[in-house]
Amino acid sequence: MAVYEVRQGTSPVILGFPHTGTHVPSSIWERLNDNGRILADTDWHIHELYEGLLPDATTVRATFHRYVIDANRDPEGVSLYPGQNTTGLVPETDFDGVPIWKDGEGPTEANIAERLRAFHAPYHGALAAQIARVKAIHGVAVLYDCHSIRSHIPFLFEGKLPDFNIGTDMGQTCARAIERSAVEIAAKADGYSHVLNGRFKGGWTTRHYGRPQQGVHAIQMELAQSTHLTAEAPPFALDVAKAERLRRHLRKILEAIEAKAFDLQRTGSEA
């Protein structure tokens, strides 16, 4: 099975999907315990949720599951949130802190090195290539990294997560105009809550590629799964009515970001 899927577009916007894949090679599947095989930490249905919202956008999607290796973690294994509970490059537990591997079957350093080579590196090679291609066309590229997570996970955060969690690493990964456009539309979305650089400030992907001074902007959108799932539990089914309501707001956000990208293209501004 291909490690990633790419659909090239003509827009300055690129949609990244590092966590919607559910493929686990049989040799790794056999090492997961019953809890791990639930694949609970998938970004369920996110690529479907964004389908067609910005027709000319490029998309890059990992097909492998984050339990194989997490495409949104530093390949050096550096924690995104030092001092806080999180999961690593190859998670040892799920988001509830419960082990996902059979006893003695957790990944070794050699396993991790091989998975970096076979999965993590190819995905990011494809993503970097599309960013370079889009920037060559427009002089600017915007990576919009698409994520979701359950709204209640005591192991990771207290209380209920806001619906729209926008991350720009405290404004470092994209122009302020792009950040503002996403925040303003999320704030106007009736019935939804939002936060900028709250618990999720942008993962490794956003932080790695976001270089606004070089014309490459990155922003992460972490959606609470309560906004589009029937329940945040197996079988993690998509609620079509919820999804359609949410898609209207996501479309506005993407269109606004694209418009700002064209503005930056015309002005040559970094901010």
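The values are calculated or read from the model by the stated rules, or taken from the named source; none is laboratory data. Quantities reported herein were computed from a predicted structural model and do not represent experimental measurements. Virtual Cβ from ideal backbone geometry, glycine too; neighbours counted across all protein chains shown. With ligands, DNA and RNA removed, areas are computed over all heavy atoms of the protein, side chains included. Shrake-Rupley method; radii C 1.70, N 1.55, O 1.52, S 1.80 Å.
What the table shows:
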quantity	calculated
Segment 65-170 shape via C-alpha gyration tensor axes, a/c threshold 1.5	oblate
Sulfur and carbon atoms: percent of accessible area, the chain [1.4 Å]	52
Residue-normalised accessible area of the chain, expressed per residue, 1.4 Å probe, Å²	42
Axial C-alpha extent at least 27 Å, average Kyte-Doolittle at least -1.0 - helices from the chain (DSSP)	240-267
FRET efficiency for residue 243 and residue 2, using Cβ-Cβ distance with R0 set to 25 Å, rounded to 0.05	0.45
Ratio Rg/Rh, restricted to segment 149-270 and using Cα atoms, in which Rh is the Kirkwood radius	1.00
√(5λ) per eigenvalue of the Cα gyration tensor, the chain, largest first, Å	29, 21, 17
Distant-in-sequence amide H partners of residue 148 (H built 1.01 Å from N, under 5 Å)	223
Amide N of segment 32-50 lying under 15 Å from the label point, which is placed 7 angstrom from the Cα of residue 233 along Cα→Cβ	40
Helix-only [θ]222 nm of the chain, DSSP H runs n ≥ 4, -39500 (n - 2.57) each, per residue, nearest 500	-9000 deg cm²/dmol
Peptides 177-184, 245-252 ordered by average Cβ neighbours within 10 Å, highest first	177-184, 245-252
FRET E, pair residue 251, residue 113, Förster distance 35 Å, beta-carbon r, rounded to 0.05	0.30
Which listed pairs, of 160/260; 188/260; 135/242, have C-alpha distances above 28 Å, in listed order	160/260; 135/242
Residue-wise HN-Hα coupling along segment 214-230, computed from phi with Karplus coefficients 6.51, -1.76, 1.60 (Hz; x: Gly, Pro)	9, x, 10, 10, 9, 9, 10, 10, 9, 9, 5, 5, 5, 7, 8, 9, 5
Relative contact order (%) - criterion: Cα under 8 Å, at least six apart; region: the chain	22
Zone of residue 103's modelled label, taken as backbone nitrogen in segment 30-49 under 17 Å from a point 7 Å along Cα→Cβ	31-36
Value of relative contact order over segment 41-195, rounded to a whole percent, pairs C-alpha under 8 Å and six or more apart	21
Debye intensity ratio I(q)/I(0), log10, segment 20-78, q values 0.13, 0.17 Å⁻¹ (C-alpha model)	-0.43, -0.68
